[in-house]
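Okay, structure first, notes after.
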Amino acid sequence: MNPSTLAEFETKMAAASEALRNAEERATAGQLAIEVMHEIRNPLQALEYLVFLTLRDAEDAEKVRGYMQGAEEQMATLSQIATGTLRLARDSPSPQPVSVSVLTEAALRIHQRTIDSKRARLVKDIRGEIVVEVYTREILQVVSNLLVNALDAIVENGTVHLRVRKSGGRVRIVVADNGHGIPKENAALIFQPFFTTKEGRGTGLGLCVSKRIIDHHNGTIRVRSSVRPGRSGTAFQISLPAECRSPSP
């Protein structure tokens, strides 16, 4: 293969990789939108019922005041959902400070149905308000990818851990499971494009794209895994530079 042909091939491969990354980002955003719609349905239904009660008991000032208090609470819930979603949807040309809890909760919402269907035990350990300066949609995509892998790995009633810590100017996000584990011969290959152990499922791009995103943020992503019977499982750790500022409004 001559140099010009090789350069053309590499250019096409780079373009294809970028197209796949963009497609995966859109899929993540679409999943989040669906889950947000499910999340706002409950407070909207509550508001509808409170309006019905207010109209029915319009002559009873005491009851109306109670209904309006309930309506204010539901409006506050909707406002919180909207604010968190807008932070994640904002397409900024530069990294923005964002609460790690907002990011992780959004990723969990995306996969809540799978968590429920597998009856997974979710262990969250996020201490304090930790802020990191990142491209929010990209880090949401990474955490979402790691949760997908964890949920795929566990059996029904399995456990998924999500832990966040800040130490020494770094923020560390750990997603761990007690699933089947990754054999040593595969552990060195999991960040390579198109490598997958999910027969008939997956593209083999999730971890490859995740590593590239973390590299872009001057961070690291590492994996520890065991396939020992009774002690199997996998833990991914993301380490990112921290920025001690409040999240964007």
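Only the coordinates and a few stated rules stand behind these numbers; no lab work does. This one's a predicted model, so the numbers in the text were calculated from it and none came from an experiment. Here the Cβ is made from the backbone with ideal geometry for all residues, glycine too, and neighbour counts use every protein chain on show.
Calculate, for Val155 and Arg127, the FRET efficiency according to 1/(1 + (r/R0)^6) with r their C-beta to C-beta distance and R0 22 Å; round to the nearest 0.05.
Numbers: r = 29 Å, r/R0 = 1.33.
The computed FRET efficiency comes out at 0.15.
Could you compute how fast region 109-190 diffuses translationally, taking Rh as the Kirkwood radius over C-alpha pairs and applying Stokes-Einstein at 25 °C with viscosity 0.890 mPa s? Give it in µm² per second.
Translational D for this selection: 175 µm²/s.
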